[in-house]
Amino acid sequence: MDAEPAFAPPVAEPKKSDLLVRVASAVVMLAIAGTAFWFGGLALDLFVAAVAFGVFVEYVMLASKIATTPAALVPMVIVGAIYIGWAGLALAVMPEPLMLAVLGVVIFTDTGAYFTGRSLGGPKIAPKISPSKTWSGLAGGMAAAGIWAAIVVLSAGYLLSAIGPTGPSLASALEVANFGVAALVGATLAVFAQAGDFYESWLKRRAGVKDSSRLIPGHGGLFDRVDGLLPVAIIAGTAWAASQVGA
């Protein structure tokens with residue numbers, strides 16, 4: 001009878017999927033955000049302010065891991081306060097329909113980039129910063145955001161036609177909706193959304209962490225969830241505020 005080996009290599013346990021945790025967290029996040037939108041007004045402003053403050057705290061945590069001295073930390077904190085504060089203010093002052101449109105641009109960008117990148121693959125944009133981001137994914141995100149923007153413009157045209165003498169008219173909406181410009185704007189904003197994603201990835205790389213925090217089970221931190229939203233909110237909110245001057 002053969003002797004049993006004195007040592008048996010450990011058997012690696014299968015990695016547990018965090019899908020259920022991610023789904024549960026997403027449901028909770030959507031419920032909280034949806035409630036804030038439902039009440040609108042002050043409730044929505046407080047929600048935006050709370051998220052912005054949480055993102056700023058996570059930004060400072062990252063910056064404190066990057067900065068080698070307190071003197072180096074100060075300018076990073078100032079930059080973060082301006083960047084995140086500007087985005088939060090832009091979201092707070094813009095009308096709710098525009099906020100939903102901005103959120104849609106970011107969601108469609110991320111979704112289009114994810115599925116296109118996974119399906120087509122190809123050259124990486126900046127593998128040392130974000131190894132999973134590809135040029136094909138960026139193109140897919142731009143296309144998806146452009147489609148979303150065109151749908152928003154068409155929907156707005158249809159709603160505006162409802163107040164006319166002939167009532168709601170898809171034909172009237174098609175006449176006034178400039179799909180080309182809308183798609184171009186959506187695609188351009190998608191580039192900025194991806195830039196915001198890269199910026200946070202660059203910060204995390206320098207800080208040597210995977211997520212900005214562990215606040216949201218399965219999703220990381222608030223900064224991880226809104227990294228692409230920040231620059232898009234700044235651009236859209238500032239453009240809207242500028243359009244109101246003298247209006």
√(5λ) per eigenvalue of the Cα gyration tensor, the range 8-159, largest first, Å
30, 26, 20
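Can you tell me the alpha carbon radius of gyration of the range 174-247 divided by the globular rule-of-thumb value 2.2 N^0.38 Å?
Values: Rg = 16.4 Å, N = 74, 2.2 N^0.38 = 11.3 Å.
Its radius of gyration relative to the 2.2 N^0.38 Å reference: 1.46.
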Is the range 82-127 rounded, prolate or oblate when judged by the Cα gyration tensor, a ≥ b ≥ c being the square roots of its eigenvalues, rounded requiring a/c under 1.5 and prolate requiring a/b larger than b/c?
oblate
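Please calculate how many Å² of accessible area the range 27-137 carries per residue, with a 1.4 Å probe and no DNA, RNA or ligand atoms counted.
Values: 6310 Å² over 111 residues.
Solvent-accessible surface per residue comes out at 57 Å².
From the protein chains alone at 1.4 Å, what is the descending order of accessible area for SER243, SER212, largest first?
Sorted by accessible area, descending: SER243, SER212.
For the range 57-143, which trypsin sites (Lys or Arg not before Pro) pass both filters: DSSP loop (anything but H, G, I, E, B) and at most 12 other C-beta atoms within 10 Å? Don't skip to the end; give the middle numbers.
Details: sites: LYS65, ARG118, LYS124, LYS128, LYS133; in loops: LYS128, LYS133.
Filter output for the range 57-143: LYS128.
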Heavy-atom accessible area of PHE53, protein chains in place, probe 1.4 angstrom, given in Å² to nearest 10, is 130 Å²
Distance between modelled label sites at ALA81 and TRP202, nm, 7 Å Cα→Cβ extension:
2.2 nm
Provide the per-residue ³J(HN,Hα) series for the range 102-118, in order, calculated from phi with Karplus coefficients 6.51, -1.76, 1.60 and θ = phi - 60°, each as a whole number of Hz, with x at glycine and proline positions.
5, 4, x, 4, 5, 5, 5, 4, 4, 5, x, 5, 5, 6, 5, x, 5
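The values are calculated or read from the model by the stated rules, or taken from the named source; none is laboratory data. If you're wondering where the values come from, they're calculated on a predicted model, not measured in any experiment. Quick reminder, even Gly has a Cβ in these numbers, built from the backbone with ideal geometry, and neighbours come from all protein chains shown. The accessibility values were calculated without ligands, DNA or RNA, using every heavy atom of the protein model including side chains. Shrake-Rupley method; radii C 1.70, N 1.55, O 1.52, S 1.80 Å.
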